[in-house]
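Read-outs: derived from the displayed coordinates by stated rules, not from any lab. Because the structure is a prediction, the values reported are computed rather than measured. Because the Cβ atoms are built from the backbone with ideal geometry, glycine has one as well, and the counts that use them run over all protein chains shown.
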Amino acid sequence: MTYTGHILSWATFLPTAGAVVILLLLAARVFGISKKAVDETSRWVALVASAGSFAAAIAAWRAYEASGAGMIVAGKDTGVQLVERAVWIRPFNVDYFVGVDGLSISMVLLSGLISFIATIASMPWWADHKTKHMAGMEDDGHEDPHHPKHFSVRMVPGYMIMLLLLQTGMMGTFVALDMFLFYVFWEVMLLPMYFLIGIWGGPRKEYAAIKFFLYTLAGSVLMLLAIIGVYYNSGPAALADGTPSLHTFNLLELAAQGQAGQWAKALPILGFDFAKIVWVGFFIGFAIKIPMFPFHTWLPDAHVEAPTPISVILAGVLLKMGIYGILRFNFPIFPEATRWAANAMAVFGMVNIVYAAFVCLAQKDIKKLIAYSSVSHMGFSLLGMAALTPAGISGAVLNLFTHGVISPMLFLIVGVIYDRAHHREIERFGGLAQTLPEYTGLMGLAFFASLGLPGLCGFIAEFMVFSGAFPVFMTYTIVSATSVIITAAYYLWAIHRMFLGKVNEAYRGYPDLAWRERFTLYPLAAWAIFLGFYPQFILDSINGTLHALIRAVKA
Amino acid sequence: MHLTLTHFLVVGALLFALGLVTVVTRRNAVGILMGVELILNGTNVNLAAFNHYVVGGVSGQVFALFVIVLAAAEAAVGLAIVLTIFQSFRSIDVRLADTMRE
Amino acid sequence: MEHAAHQAAHQLGPVLFERVSYLWLIPLFPLIGATINALFGLKLQRAYGKKVIHTVAVAAMVLSLLTALYAFQQMLGLPADHRFLQDTRWNLLTAGRVTVDLGFALDQLSMMMVLIITFIGTLIHVFSIGYMADEQPYWRFFAWLNLFVFSMLLLVMGDNFAMMFFGWEGVGLCSYLLIAYYYTDPEKAAAGMKAFVVNRFGDFGFLAGLLMLFWGMGGAWTARDDMRGGTYVPLPALNATAGATTAAQSVALAPVIDGVMVGPTLNFRELRDQIVIEKTGVKKHLQEQQLWGFTLLALIGVLLFVGAMGKSAQLPLYVWLPDAMAGPTPVSALIHAATMVTAGVYMVARLNFLFALSPTAMAWVALIGTLTAVFAASIGFFQYDIKKVLAYSTVSQLGFMFIGVGVGAYWAGVYHLLTHAFFKATLFLGSGSVILGCHHEQDMRKMGGLKKFMPTTHWTYLVACIAIAGFPVANGFYSKDEILWKAFTSEHLTLFGFHTPWLGAAIYLAGIVAATGTSFYMFRSYYMTFTGEYRGGQGHGDHGHDDHGAHAAPVAAAHATAGHGGHGHDDHGHAAPAHDDHGHGHAVPAHAAAHDDHGHGGHHGGGTPHESPRTITWVLATLAIGSVLTLFLGLPALWTHRPPALEHWLEPVLLAEVPFASKPHSWEWIFQGLGVLAGTVGWVFARWLYKDGKSTIPATLQKKYEGAWTVVYNKYYVDELYDATVIRPSVFLARFLSWFDGHVIDWLVNFAGWITRIFANIDGAIDKYLVDGAVNAVAAVTIESGRALRKVQTGRIQTYLYGALAGGLAVVLLNFLIR
């Protein structure tokens, strides 16, 4: 490794630096700086910090060489690029070890992009005059009950600090290659999310926040146990500086050991095979995050209560971590157990896809509908990767990216109408296409992208998953494919009820998109179209690693 | 009648007992002081008697003289205390002066 | 003529193709036009008027047509077996053996389609200039229309399944957008939704068929030896391709037999080469495979045909097409008659080499086509909405096309596609002209006598009627006759594993009945519209309107939930006050309001009909002339002693070997005569019953067979059937699962939380009362005993002295006692 840069660390810790700056600003209020100045400055700091992180993520994407795309497979650090490694906690054999391979590089890019978009969406700026009172820009001291302020006007520095910490957690989770470090980032992500939903959320925010936090934490506990179990059963390895260690947290080393049959030596737990128990532990921990049926009910609540940018991050990045974690931990470290569980994963994928799609059809709240559609779409990833075929696994990871582009767009779109109407009930809208043509156009693009219209990115992933999964799981794939009908039905029905038909007089005066909303929606729309016609842009980077991964799993 | 040590001891004991009873039962602070005088004098009788019948010399009488002086001093200090009590409680009834209980 | 294909098939080699680099321009121009109008259309229209909008759109179409003509000219310059233009732009995606290129290909078949699409598309764009002139969202119409042409071109030019599917779904989207063009009317918007969702049922079948094909070709990387028959390419060789991460690798790793790459592919040309070149063994391998107890190929064929059912409106997925008439009439002409709905026929013809391998699949295609042809024709008999008549006629004609491609007469099916594109476009545009002329009136009972008001529209409509009815002076006769003759002579069809040579004759019989019906209802529409007196703005005549009203009201109520515009014409033109007592009064205000939104004003039922502007009449004339001239493409061999021009042209593409019985020439003459006779019978009846609107027989008959009439008039209640069997159960299931999710799954989660809280409370109680209680008890005892003992301390010296005395006494006494 000749690489000596620190791109990934920059990408990870720039937001933290921003958070520290905002803290200092708060401290500076002692010297008489006004609240308003602190608020404004902290917004800028957050914007710059997350832009910087995004820039670093792009730099990482460009620096990553797909041709050298190796794998987390045959062990050691071959193939993993942009590595930074140093001893962190010597007594526990923990390294600070970050790097990217084909699996994580696309997630790093996505995480940077979505974080930046969410930060823009958190600004009450760039609303034109007509929307100003709706966005809650004017600080005239009294609250208009019909037009409450933009959610992010309250406790701005606190919000920005949480948002930035969340970004650090996400980025760190994707780049960490040390199990302990991964867990730390995983938990770092959790707490800001709790506060962001619990403080800046909707009417039932406390319930949603606690549900999210406890549910994820329950998963984390299983994961932690699994991590400890794996650690104490791992073979000897070396730390960053070459010090030999008895056990290891190093993911690459663990993958190599796992593929070499290390877990056969471990004692069974409660009479069950060690690898299988630990596999299930990891899997449930990650499945809650996916979220996989039947662990999915925290998601609709969290989404409905979370403010728009947080929904964007939640759907755009956080949900991806479940699948990412399974591919990072379960697949390479426990190839045998993965083969053992592949069928179950496919079944759960199928249930996710079809069940959630039907649930969507019955939703009355548009945000809940979209939340359930996320559940449905994440099922594609489960089904695709369970098949262990090249098209299936590439489709699964591509689905992470495309869903990561589409679902933030969907939530932003819901946010736009919520900012204006202050409710989200599908039935109460009608004829919005007449009032908000530009908005309707973007909505149509997002909805059709999500329902898998060819030419937009959702279709590609779906198609790859189906073509990859079919040879292995025929029945499951055919059943899952019925979702193309249901998905079309629920989206079109929602469009029909909200946007078409007679113009509802109550909504006639609504202004079309403001600039802030354009800043967030158009880039995502461009991505959706671009990836629809050139998905190889992502596939080029991810294919190498993923195909090596399934070779290793199937070996 | 031949005076023996026993007679003196009986007188001393009677004085002591009367003093003790006075101290225990009187509510008047001055009365208690007087009881104390009786106890001290009972002691003095004993000192003089033992000196004469048992030890010899004068050391017993000297002790008795010390006690007398001490009693005088005690009476002075005691009366001062009684005065202070009176100033505080407008009475010299010792039952009232129980404020140190708590 | 069929033996030619027979012989050729044995010497087939790989397709020889010519790489070119301009094919992508053909779809690009409409895409550019669509993008300009979609993004800036509103502003352009406001700033510079509608002229800019249609200039952009028509220019895009013309450029596209010119490019297509250039390609055609280049193709003509090539030898017949070398006419294949290939243009690969970039690799869309690669994952293992799944490689998809953004590639365009033109062979004779797709060339024909491209010419139809660009030529008729251009004409319809021109037509729309006049027709849509009053519409406010003019830009939106042209943007979507251009986008449609782009998608349609993608569909026919794509060189692989994925590209075809791009177009396949793209035209579905545009169809949705254009049907719901008047989206402020919820019924019209619902019709768009219905079209898209019903098509998705078809897409599901298409996708499933595609996946099975891919799997059958060896796309399974896991060992499934039990499902794999014969001596096919060794699995390891195919498995090697699984590691490919780029298109180049995928190609390099693919096993090659006899110069042909084998293995799963989405590319049509590669697929064709593998299957038709027998040495590769792919054909044999495919034929031997079984899946779930069915022959794999039959399953693939039927599933792919399910896709065609959706797009080409075949039984039972035809229901969306009549409702699709909610869109503007040019849309009905272009999308729902000439191009998009024929996509299914095109797909079956494109995959003829695949369908031909499965007589079962072919039999199903032909059977469904036949049933659709008869069924839809019967509904067409009694419709009053002129566009509805044409819609059912389209469904019926599509059935004929599927009979053609189903029995193996691929070229005849495709030829009918071409002739239908001309005459049905003429009919639809003619009806559009009539509707425009009658101030947006669609009910034929309110027309009549338009012959003298609209001469050009009249004669073009008549020509098209003659064509569709099957008289030898126009193109329809030649394609229909060829299809029915081939159906009669076909003898290889198989149903449920039984060889059914009688099926051909049965199909012929049903077909000839449908043809008679076609002639009847088309001439009925002609006579009702163009002959007699103009009835607009006056009474309805004696068409049993009262009965109709009585039926329509409950049915309309039943329809309200499902939202299909089955009685669309009820909403049209009942504005004349005289009819309020017929129970239609309710429709009037809503309708008037809807039209005010479109800016039509309220001309309904009043005014004189007028001929349409020249952009419309010229287009009509061109298409009518085309309907006649294209007959020369299909002059039967019987007359000219050489294969029809189109068959000859398409021969290298439609190469599947399908056996037909050879019958004497005299039979063929007789059958042609029967075809003409069928048309004549239909015409005579129509003339007798409907000419000049004078006959009272239709009304009498209707009264007599009330029940049957109602069932047919209400389209056999198929929409209601769907509502009861598909929509309601789905919605119910959705509601149930949503309830399940909220009340069971989430309840379990909350229950877990609740249980935890209960445990926590119990635990808290234990902690509070037991553990902490003990600690507190120690303290409490100490305090209480202290409080009790404190009473001893009185603060009085005397008390203490008593104590001391008592103590001293006790010591003394004890001293005595214990001693």
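Here the Karplus relation 6.51 cos²θ - 1.76 cosθ + 1.60, evaluated at θ = phi - 60°, turns the backbone of segment C:799-807 into coupling constants of 4, 4, 5, 3, x, 4, 4, 4, x Hz, with x for every Gly and Pro. Cross-link partners of A:K276 among lysines, defined as those whose alpha carbon lies under 26 angstrom from its own and excluding same-chain residues fewer than eight positions apart: A:K76, A:K265, A:K289, A:K320, A:K554. Sparse packing (at most 13 other Cβ atoms within 10 Å of the Cβ) combined with a DSSP loop state is found for the following trypsin sites (Lys or Arg not before Pro) in segment A:437-536: A:R508.
In the distance distribution for segment C:719-818, Cα-Cα pairs more than 15 Å apart total 81 percent. Modelled this way, with points 7 Å down the Cα-to-C-beta line, the labels at C:V731 and C:W502 are 4.5 nm from one another.
Backbone phi angles across segment C:317-327, fed through the Karplus curve with coefficients 6.51, -1.76 and 1.60 (θ = phi - 60°), yield HN-Hα couplings of 9, 7, 4, 6, 5, x, 5, 5, 5, 4, x Hz in residue order; Gly and Pro are listed as x.
The alpha-carbon atoms of chain C define a convex hull whose volume equals 312 cubic angstrom per residue. For a 26 Å ceiling on Cα separation, which of these pairs sit above it: C:K284/C:K311; A:K502/C:K387; A:K211/A:K364; A:K364/C:K387; C:K388/C:K704? Exceeds cut-off: C:K284/C:K311; A:K364/C:K387. By the rule of a C-alpha distance below 19 Å, with chain neighbours fewer than 8 residues away ignored, the lysines paired with C:K663 are C:K480, C:K486. For chain A, the longest principal axis of the C-alpha atoms and the axis of helix A:366-387 are separated by about 20°.
Hydrodynamic analysis of the protein assembly as shown uses the Kirkwood radius over alpha carbon pairs. Inserted into Stokes-Einstein at 10 °C and 1.306 mPa s, it gives a translational diffusion coefficient of 43 µm²/s.
Couplings 3J(HN,Hα) for segment C:107-123, derived from phi with the Karplus relation 6.51 cos²θ - 1.76 cosθ + 1.60 (θ = phi - 60°), are 10, 4, 5, 6, 4, 4, 4, 4, 5, 4, 5, 6, 5, 5, x, 4, 4 Hz, where x marks Gly and Pro. Restricting the chymotrypsin sites (Phe, Trp or Tyr not before Pro) of segment C:282-329 to loop positions (DSSP other than H, G, I, E, B) with no more than 16 neighbouring Cβ atoms within 10 Å leaves C:W292. Under a 5 Å amide H cut-off, with hydrogens placed 1.01 Å from N, C:N160 pairs with C:F268 among residues at least 5 apart or on other chains. Taking other residues whose beta carbon is less than 11 angstrom from the beta carbon of C:A333, and scoring Lys, Arg as +1 and Asp, Glu as -1, yields +2.
Here's how it looks for C:T99: its modeled amide H is under 5 Å from those of C:L266, which are all 5 or more places away or on a different chain. Taking label points 7 Å from Cα along the Cα-to-Cβ direction, C:Y717 and C:H648 give a separation of 5.5 nm.
With an a/c value of 1.5 or above and a/b larger than b/c for the gyration tensor axes a ≥ b ≥ c computed over the alpha-carbon atoms, segment A:328-487 is described as prolate. Contact order for chain C, expressed relative to its length and based on alpha carbon pairs under 8 Å spaced 6+ residues apart, stands at 13 percent.
When the convex hull of its Cα atoms is viewed from all sides, chain A shows a mean projected area of 24.6 nm². Helix A:205-233 and the longest principal axis of the C-alpha atoms of chain A enclose an angle of approximately 10°. Relative to the longest principal axis of the Cα atoms of chain C, helix C:455-469 runs at roughly 80 degrees.
If R0 equals 25 Å, the separation of the Cβ atoms of C:S695 and C:K452 corresponds to a calculated FRET efficiency of about 0.75.
Taken along the Cα-to-beta-carbon direction at a fixed 7 Å, the label points for C:A59 and B:V30 span 13.5 nm. Divided by 2.2 N^0.38 Å, where N counts the residues, the Cα radius of gyration of segment B:5-95 comes to 1.26. For A:W515 and A:D365, the FRET efficiency from 1/(1 + (r/R0)^6), where r spans their Cβ atoms and R0 equals 22 Å, is about 0.20. Normalised radius of gyration (Cα atoms, divided by 2.2 N^0.38 Å) for segment A:415-548: 1.28. The chymotrypsin sites (Phe, Trp or Tyr not before Pro) found in segment C:442-520 that occupy coil by DSSP, while having at most 16 further C-beta atoms within 10 Å, are C:F496.
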